[in-house]
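A short write-up of the structure that comes next.
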Amino acid sequence: MASPPPPRVCVTGGGGYVASWLVKLLLSRGYAVHATVRDPSDPKNAHLRRLDGAPESLLLFKADVLDRDALAAAVAGCEGVFHVASPVPADKVLDPESEVLSPAVKGTLNVLQACSANNVQKVVVVSSTAAVHYNPSWPHGRIKDESCWSDKNFCMKNENWYTAAKTIAEETALEYGEKNGLNVVTVCPCIVLGPLLQPLINTTSELLIYIIKGGPRLMKNLPWNIVDVRDVADALLLVYEKVGSSGRYICAPDRISTNDIVKLLKKSYPNYNYVNCENKDYESEVSPVTSEKLKSLGWKPRKMEETLLDSVEYFEKAGFLQDVEGCPCRLPHLFHFASD
Ligand SMILES: NC(=O)c1ccc[n+]([C@@H]2O[C@H](COP(=O)([O-])OP(=O)(O)OC[C@H]3O[C@@H](n4cnc5c(N)ncnc54)[C@H](OP(=O)(O)O)[C@@H]3O)[C@@H](O)[C@H]2O)c1
């Protein structure tokens, strides 16, 4: 008897940092994968074709999330969709609507509508703890769980466009699912670090490179929630495969201050400059978040030390820590709040 065809799923923004690890994981678990990229011929997406299992089980589709027809073609025949694509801008946002809000919010709606039209059974949307943290009404010191939402008006007033976009996009996704009978689950990762599969440096890796190389700006000793990119991929697949998963899942296992990141890395890599960091402790000023809901599904993230050390090992191998003339080390604009 012929064996049944493998389950078929789509990953949007397949060439990005998080999505590439998810595509790799899905292929390793026997899924047939449709990955959307904006330009399949761009060398920055070539790593996808080299993944184990890619020749037999990976199809690339050209799709911008603002192109509904292209999305419909990509999700056709898929039982599940992972919507990962969304801009994570490293530079200052000059036109919030076109650069961030529209691709995040309209893009999410377009993906969901394509899913409804193509009988997709379950959609996992990648949100962010950016959609959790920025809530000035949350009682000080109370642990933030999935009931805590960032205040989109507060974010927009502060021109925190990424945060506003992720919050509105996640709200839109869950509301759409409820109103239209589509099974939508969201996952909110914190700062994602760990080795890269794609050739270009993504925005959060640039933050760690800045901390290691010691950029010119003094940094605040803020507590950072960090999760490993491989554990994010695991979390996305876990909530997809768990039949009863629902609502949002915070994916933020550990936190560590800037000074403690520097201390930890200096033990294994003493020869980098590292950032100068103020001594003030912000630990008690920033309410912690909990990932208990995700852990109760069976999610087991690795230790943060492994993530940080694997990141540096990878950066060294890829040459990301070398000085390049004319390219000063820069702190992505998204993280300027963390400097003086
Ligand atoms: N990295 C983190 O720390 C972190 C934390 C929490 C949540 N997230 C979320 O995780 C997801 C992936 O982020 P990442 O860190 O992997 O960043 P990334 O490597 O920059 O990936 C972003 C992806 O989105 C795609 N994209 C952007 N605008 C698009 C558009 N209009 N149409 C189609 N694709 C578009 C990009 O495609 P191109 O290559 O064509 O630009 C890229 O593949 C995002 O939803 C982000 O908000 C990331």
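The values are calculated or read from the model by the stated rules, or taken from the named source; none is laboratory data. Owing to the predicted nature of the structure, the values given are computational and were not obtained by experimental measurement. Reconstructed Cβ throughout: ideal geometry from the backbone, glycine too, with neighbour counts over all protein chains shown.
The residues listed here are LEU294, LEU309; of these, the one that is assigned to a helix (DSSP H, G or I), more than 19 Å from the chain's Cα centre (by Cα), hydrophobic (A, V, I, L, M, F, W, C) and crowded, with 16+ Cβ neighbours inside 10 Å is LEU309. The sole residue among PRO216, PRO199 that is within 16 Å of the ligand (Cβ to nearest atom) and part of a loop (DSSP other than H, G, I, E, B) is PRO199. Considering only residues of segment 52-88 that are among the aliphatic types (A, V, I, L, M) and near the ligand (Cβ under 8 Å from one of its atoms), which is nearest to TYR240 (Cα to Cα)? Among those residues, the one meeting the criterion is VAL84.
Among residues of segment 18-40 being within 12 Å of the ligand (Cβ to nearest atom) and of a type outside the set (A, V, I, L, M), the one that is nearest to ASP234 (Cα to Cα) is TRP21. Evaluate the following for TYR249: is it closer than 30 Å to CYS10 by Cα, under 18 Å from the mean Cα position of the chain (by Cα) and part of a strand (DSSP E or B)? Criteria met by TYR249.
The single condition among (1) among the hydroxyl-bearing types (Ser, Thr, Tyr); (2) within 28 Å of THR186 (Cβ to Cβ); (3) not in a loop (DSSP other than H, G, I, E, B) that SER287 does not satisfy is (3).
All of VAL192, VAL125 fail the test of being under 14 Å from the mean Cα position of the chain (by Cα) and either under 30 Å from GLY319 (Cβ atoms) or of a type in the set (S, T, N, Q) (or both), apart from VAL192. Within segment 276-289, can you find the residues that are surrounded by 15 or more Cβ atoms within 10 Å (Cβ to Cβ) and within 24 Å of the chain's Cα centre (by Cα)? Hits for segment 276-289 are VAL286, SER287, VAL289. Of everything listed in (1) more than 30 Å from PRO199 (Cβ to Cβ); (2) in contact with a Cys (Cβ under 6 Å, 6 or more places away or on another chain), the single unmet condition for THR258 is (1). From the list GLY107, GLY53, the lone residue that is surrounded by 16 or more Cβ atoms within 10 Å (Cβ to Cβ) and over 22 Å from the mean Cα position of the chain (by Cα) is GLY53.
Pairs linking a residue in segment 7-23 that is in contact (Cβ under 8 Å) with a residue 24 or more places away in the chain to a residue that is within 7 Å of the ligand (Cβ to nearest atom) and basic (Lys, Arg), with Cβ atoms under 7 Å and 6 or more positions apart or on different chains, are GLY15/LYS44. Of all residues in segment 184-196, those satisfying the criterion of being within 8 Å of the ligand (Cβ to nearest atom) and part of a strand (DSSP E or B) are CYS188, PRO189, ILE191, VAL192, LEU193. Filtered by the rule that a residue be of a type in the set (Gly, Ala, Ser), part of a loop (DSSP other than H, G, I, E, B) and either within 16 Å of the ligand (Cβ to nearest atom) or in contact with a strand residue (DSSP E or B) (Cβ under 9 Å, 6 or more places away or on another chain) (or both), segment 148-181 gives a lone residue, SER150.
This table checks each residue for (1) among the charged types (D, E, K, R); (2) under 20 Å from LYS293 (Cα atoms); (3) surrounded by fewer than 17 Cβ atoms within 10 Å (Cβ to Cβ).
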residue: VAL75; (1), (2), (3): no, no, no
residue: VAL84; (1), (2), (3): no, no, no
residue: ASN118; (1), (2), (3): no, no, no
residue: ALA130; (1), (2), (3): no, yes, no
residue: PRO139; (1), (2), (3): no, no, yes
residue: TRP149; (1), (2), (3): no, yes, no
residue: THR172; (1), (2), (3): no, no, no
residue: LEU182; (1), (2), (3): no, no, no
residue: VAL187; (1), (2), (3): no, yes, no
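What is the number of the single condition among (1) surrounded by 19 or more Cβ atoms within 10 Å (Cβ to Cβ); (2) at pLDDT below 95 that VAL239 does not meet? Here VAL239 meets the rest and fails (2).
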